[in-house]
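Each value in this text was obtained by applying a stated rule to the coordinates, not by laboratory testing. These numbers come from a predicted model, not from an experiment. As a convention, Cβ positions derive from the backbone with ideal geometry for all residues, glycine included, and neighbour counts pool all protein chains shown.
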Amino acid sequence: MRYTFVKSKPSRSFPEDDAFFCAQSEPDTAEIVIFSGARFKPDHAKAAILIELLNECLGEHIDDQESTSINVLGFARYRNGHDKPSNLVELVRHANTSEKAVAAAREMFAAAGFEVVVCSDQAGRIIDRLVIPKYNAALRFLDEGLASQADMDLTCKLGLGYPDGPIERVVRGGLANHYHASKALFEAYGTSAFAPPRRASVAYRRDKTRG
Amino acid sequence: MGAGIALVAARAGFATVCFDRSGDGLEKAARQSAGFLDKSVARGKLDSAKRDQVLTSMSQTTRIEDLADCDLVIEAVFEDLAAKRELLGRLDAVCAEDTIFASNTSTLSITEIASGSKRPERAVGMHFCLPAQLMKLIEMSPGILTSDDTFKTAWQWTEACGQTPVKTQDKPGFILNALLVPFNNDAIRAVEAGVAEPADIDRAIKAGLGYKMGPLELIDLIGLDTQVRLCEAFYPITLDPRAATPPLLRRMVAAGLLGRKSGRGFFTYEGNSMFGA
Ligand SMILES: NC(=O)c1ccc[n+]([C@@H]2O[C@H](COP(=O)([O-])OP(=O)(O)OC[C@H]3O[C@@H](n4cnc5c(N)ncnc54)[C@H](O)[C@@H]3O)[C@@H](O)[C@H]2O)c1
């Protein structure tokens, strides 16, 4: 499946030196167009049109009731803050995305060796929706003195077999990044689990104060 | 759970008395422990002399009086506050003044359990992970009245067993369950909200975060009914909405979908095979 990128700024999912980005085809021969930051243009002739998402929903880019949206999907390659992008691509379909477009997008990413999952157009997709409340709880527990950071991280590694603990992970990815992701979900869902925790909020403000 | 803990103690060379009110339960546990040790020998992880030594350092009893000489008693009876408090009261009458009482509770308060004893300063939380004989982690929690000396002695004992203790406050679920139970509920709610199919949720978590098991497969393994019980233990004391039983979980339990043990939960199982993942 040939694809091409339309980028207006560096992609969070596929940086310039990324093998998948480098393997793109010429625009005329591409069956899939991937919009990254650039304004999306519908194109019925393509097997699928993909829009790279950050913290926003696909619905911010397209109206799923319009017939031009039928081959459009959102996507994000999961990435913990500053960490390198993972091997996971979350494909976002809206209520009227065609099965053909989903299959084409899935095939393209799978052929490049990515693990592909499909989710509906809800804030936080799968991973952020699930991990942000957990990381927020861990940061709150740390403030409340439940345990030391080292003991909380060790507990998750030894007790649950995680490759890294929740606090070390958030700190490594950047507390200010965590603040933005958490805030976006808090605005979407309004539940306290997504409210940015103190440690993330102060890190964000500290960065701003220091410039 | 108690049998696994007994193996940890006996393997470290401590004379270990296994006490249960049920003789049948004791016999079954002793057979399982011997089976585990035999497997360890077969896999070359243990020599047969050491196996024999571990087995001879373990004894079984249904008489609480046989715990009279123990320096440390680790309780792993039903997760029921009244049962645990009553047991500590009985142990008061049997054990020496300086015997340490440790509780393996997952969800109850150490301070509340310790209040069953007239010497709460000698009680401490010692939460092992299942299967205890394989998992190194122990969450150690002092209750409000636990003495420093008790905590230190119990901590050193876990290290002498080759375990890795971590210190947590006496709060619901300590670290592990306080993070895990709501996270697992969130995964159930994501299914219920139509975010993605269970298989996609689990694959995302494994590929994105490097977890060995997805949350829904883990709930199937723990048992959906057990997850309900955990929610029912945590929600009333924390009032954390994430700890409340997700409606879908309740419906699945009502439908008899209990996870691996019933052959179907979020996934379907046949023998050792898993379908739908
Ligand atoms: N199963 C787990 O995953 C797990 C993990 C960590 C901690 N725990 C904790 O371990 C404890 C036991 O859990 P389990 O799953 O092994 O329970 P279980 O029901 O399998 O075993 C409890 C045993 O305690 C015995 N018992 C009950 N009351 C007794 C009494 N008054 N005197 C003597 N024996 C008595 C029962 O006969 C039974 O053999 C609980 O506090 C639980 O929260 C369990």
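Worth pointing out:
- Look at the Cα gyration tensor of the stretch A:3-120: its axes a ≥ b ≥ c give a/c under 1.5, and that counts as rounded.
- 3J(HN,Hα) along the stretch B:171-177: 10, x, x, 6, 9, 4, 6 Hz, from the Karplus curve 6.51 cos²θ - 1.76 cosθ + 1.60 with θ = phi - 60°, whole Hz, x for Gly and Pro.
- Simple label model, 7 Å out from Cα along Cβ direction - B:A93 to B:A254, nm: 4.5 nm
- Residues considered: A:E107, A:E66, A:E52. Largest GNM mean-square fluctuation over chain A, using C-alpha springs under 10 Å, is found at A:E66.
- The stretch A:132-209 and the stretch B:1-73 have Cα centres separated by 41 Å.
- Close amide-amide hydrogen proximity is noted between A:F35 and A:V6, A:L50, A:I51, A:E52, each under 5 Å apart and 5 or more residues distant or on a separate chain (H modeled in the peptide plane; Pro and chain starts excluded).
- Label-point gap, in nm, between B:T226 and B:T164 - each point 7 angstrom along Cα→Cβ: 2.2 nm
- Listed pairs B:K50/B:K212; A:K100/B:K206; A:K84/B:K261; B:K28/B:K84; A:K84/A:K157; B:K50/B:K171 exceeding 29 Å between Cα atoms: B:K50/B:K212; A:K84/B:K261; B:K50/B:K171
- Computed FRET value (nearest 0.05) for A:A188 with B:A83, which takes r as the C-beta separation and R₀ as 51 Å: 0.70
- Distances between placed amide hydrogens fall under 5 Å for B:E75 paired with B:A102, B:S103, B:N104, all partners being 5 or more residues away or on another chain.
- The 3J(HN,Hα) values that the Karplus relation (6.51, -1.76, 1.60; θ = phi - 60°) gives for the stretch B:127-137 are, in residue order, 8, 7, 9, 7, x, 4, 6, 10, 8, 7, 6 Hz. Gly and Pro appear as x.
- Backbone geometry of the stretch B:71-78 corresponds, through the Karplus equation with coefficients 6.51, -1.76 and 1.60 at θ = phi - 60°, to 3J(HN,Hα) couplings of 7, 9, 10, 9, 8, 9, 7, 3 Hz, x marking Gly and Pro.
- Selected from B:P142, B:P172, B:P131 as most flexible by GNM, with chain B as the system and alpha-carbon contacts under 10 Å: B:P131
- Diffusion coefficient, µm² s⁻¹, Stokes-Einstein with Kirkwood Rh over alpha-carbon pairs of the stretch A:128-210 at 10 °C and 1.306 mPa s: 123 µm²/s
- Once backbone amide H atoms are built at 1.01 Å from N, B:G259 has B:L224, B:R264, B:G265 as its partners under 5 Å, excluding neighbours fewer than 5 places away on the same chain.
- Cα long-axis angle, helix A:175-189 against chain A (0 to 90 degrees, to the nearest 10): 70 degrees
- Sorted largest first, the spans of the alpha carbon positions of chain A along the three principal axes are 58, 36, 32 Å.
- Förster-model FRET efficiency, 60 Å R0, B:I237 and A:D28, C-beta, rounded to 0.05: 0.40
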